[in-house]
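Remarks on the structure that follows.
The values are calculated or read from the model by the stated rules, or taken from the named source; none is laboratory data. Remember, predicted model here, so these are calculated numbers, not experimental data. A quick note on method: Cβ atoms are made from the backbone with ideal geometry, for glycine too, and the neighbour counts reach across all protein chains shown.
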Amino acid sequence: MHPLLRKFKYWDFILLPPLLSLSLWIRLRYFFYLKTSGKGFPDAADSQWYLSYARSLMSDFSIGAHMNDIMYFGYNLLLTVLLALFKDPVAVLFIQAVTAGLSLLLVYQIARMLFNRTTAVVASLIYAYSWDITLWSTYILTDSFFISLLLLCVYFLLKSLDTGKRTYKVLFALTAVYMCIFRPTGILSLFCILIYLFIRMDKGKALLFVKKHRYVIGTAAVAVIALFAGLLLTGKLNPLIASLQLNAKMVLYNVYAKGWIYDHASPNDHFFRPNYQIDIGDSLIASFLIHNWDHVLVLYARRAVAFLGRWVWTTDLNSLGGIKRFAYDMLPVVMFVVGTVAVIVQKRFKQASIVWLTVLSIFIFCIVVFVDGMYRYRAPSIPFIAIAVAYGADSCIRVALMLIRKAGKLLSRHKITGMRTRA
């Protein structure tokens, strides 16, 4: 039966139903546990703001020019539509849980297109059992839907590059634009996705396209610049600029200046005496970062370590249990490194770099802003980390099988040689 099974062409149709069922079961089991246990669903201050904003949109559809109005418009609009249709926020959470469960299909397909079926299965299992994915699907926050949106955007991008079909190109463009107004992280994620698109694109064809449509492109660029200049000169963007500056000041003075790694104080923070002098281009941000650059770099380094997880601060290598726990926590990190090295050695990084670039975009956002205490900001990178880790595990399995085969051949040759010698 083994040769027949190896030739079977429809393994994906056999593997996907149980994987999707597992992912849905894990998410919905937790959803119904919270719903029926009497504990209720978790709440946050941001959740109440989103719900209030969505209800105000239903009663009086008015979009302001504040940062939260524009940069979260995509999510606010989606939440408003869902509340208008289903009335109850619990129904929105149920949709989030189902969407998060079904998004395993995107993880599987992305890993399958970039690597192989084994990587896709392992990545899907990691995604299915990811606590972060399950947890954030039970909050009225941007995170759960954003994870699915980011996966969908990357999937459409890969399909458009592989097939060249116009449909996938249009779908990628639409999801990319929507992602930019869904939450601020989407802008940085799209920037890294565009880097990947530039790496993969045929530079010759792109140049010909630009030459052929140079007048249309030039006109569109001039129109965008003129529109931006008009809004800026008439003061329409003043509320947005003011809110961005206020948020930057709050992060610098309330988080950076205190040396916080997270959005609250912790024993591992970097305490220093900041220089608040504003004398570089009359810019609060530039002045603070330049005058305190050495401390800022130390803070970034600590956040880079903290990005791995809170376990890095509680590592205990003085006991057997602590060593075992450390090995368990380090295993994904090691597999991620192995997967990174493997993809470079095998000269597949150009094609598969979207995985690492997406993780990089979330990593940069967490380093520059902060790693929130519940690791919510890190959550969108988890499906892509899972793919990289899965490829590392697949590479280790392949190397192990190759060594076993070689050892078997050497043993067989040794036995044959010994038999001939005795003869």
**Item:** Any pair with Cβ under 8 angstrom, 6 or more apart, that starts in the range 312-330 at a residue that is over 25 Å from ALA393 (Cβ atoms) and ends at one that is among the aromatic types (Phe, Trp, Tyr)
**Value:** ASP316/PHE326
**Request:** Considering every residue within the range 262-278, establish whether at least one is assigned to a helix (DSSP H, G or I) and either aromatic (Phe, Trp, Tyr) or in contact with a helix residue (DSSP H, G or I) (Cβ under 8 Å, 6 or more places away or on another chain) (or both).
**Result:** no
**Prompt:** Is it the case that ALA229 is modelled with pLDDT under 90 and not in a loop (DSSP other than H, G, I, E, B)?
**Reply:** yes
**Message:** Please count how many residues of the range 284-297 are surrounded by 14 or more Cβ atoms within 10 Å (Cβ to Cβ) and either at pLDDT below 90 or out of contact with any helix residue (DSSP H, G or I) (no Cβ under 7 Å at 6 or more places or on another chain) (or both).
**Reply:** 7
**Asked** Looking only at residues in the range 353-391 that are small (Gly, Ala, Ser) and in contact with a Gly (Cβ under 9 Å, 6 or more places away or on another chain), which one is farthest from ASP162 (Cα to Cα)?
**Response** ALA390
**Fill in**
Every listed condition ((1) at pLDDT below 95; (2) in contact with a Phe, Trp or Tyr (Cβ under 9 Å, 6 or more places away or on another chain); (3) of a type outside the set (D, E, K, R)) holds for LEU77 save (2)
**Message:** For a quick check of your reading: which helices (runs of 4 or more DSSP H) sit entirely within the range 117-183 and have at least 2 residues that are over 15 Å from the mean Cα position of the chain (by Cα), over 25 Å from ASP12 (Cα atoms) and of a type in the set (Phe, Trp, Tyr)?
**Reply:** none
**Asked** Within the group LYS169, LYS203, LYS211, which residue is loosely packed, with under 10 Cβ neighbours inside 10 Å, charged (D, E, K, R) and under 26 Å from LEU114 (Cβ atoms)?
**Response** LYS203
**Prompt:** Restricting attention to the range 311-324, does a residue exist that is touching a helix residue (DSSP H, G or I) at 6+ places or on another chain (Cβ under 8 Å), crowded, with 17+ Cβ neighbours inside 10 Å and closer than 29 Å to ALA379 by Cβ?
**Reply:** no
**Item:** Lone unmet requirement of (1) in a helix (DSSP H, G or I); (2) surrounded by fewer than 17 Cβ atoms within 10 Å (Cβ to Cβ); (3) among the charged types (D, E, K, R) for LYS39
**Value:** (1)
**Asked** Within the set of pairs 6 or more residues apart or between chains, which connect a residue that is free of Cβ contacts under 8 Å to residues at least 40 places away in the same chain inside the range 247-260 to a residue that is among the aromatic types (Phe, Trp, Tyr) with Cβ atoms less than 6 Å apart?
**Response** LEU252/PHE288
**Identity of the residue in the range 375-400, of a type in the set (A, V, I, L, M) and free of Cβ contacts under 8 Å to residues at least 24 places away in the same chain, that ends up nearest to LEU244 (Cα to Cα)** = VAL399
**Asked** Restricting attention to the range 152-168, which residues are of a type in the set (A, V, I, L, M) and closer than 15 Å to VAL355 by Cβ?
**Response** VAL154, LEU157, LEU158, LEU161
**Request:** Quick one: ALA352 ticks every box in (1) part of a helix (DSSP H, G or I); (2) surrounded by fewer than 16 Cβ atoms within 10 Å (Cβ to Cβ) except a single one, so which number is it?
**Result:** (2)
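For (1) exposed (fewer than 12 other Cβ atoms within 10 Å of the Cβ); (2) at pLDDT below 95; (3) in a helix (DSSP H, G or I), each residue gets a yes or a no:
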site	(1), (2), (3)
PRO17	yes, yes, yes
TRP25	no, no, yes
LEU28	no, no, yes
LYS35	no, yes, yes
ALA54	no, yes, yes
ILE63	yes, yes, no
LEU93	no, no, yes
GLN96	no, no, yes
ALA100	no, no, yes
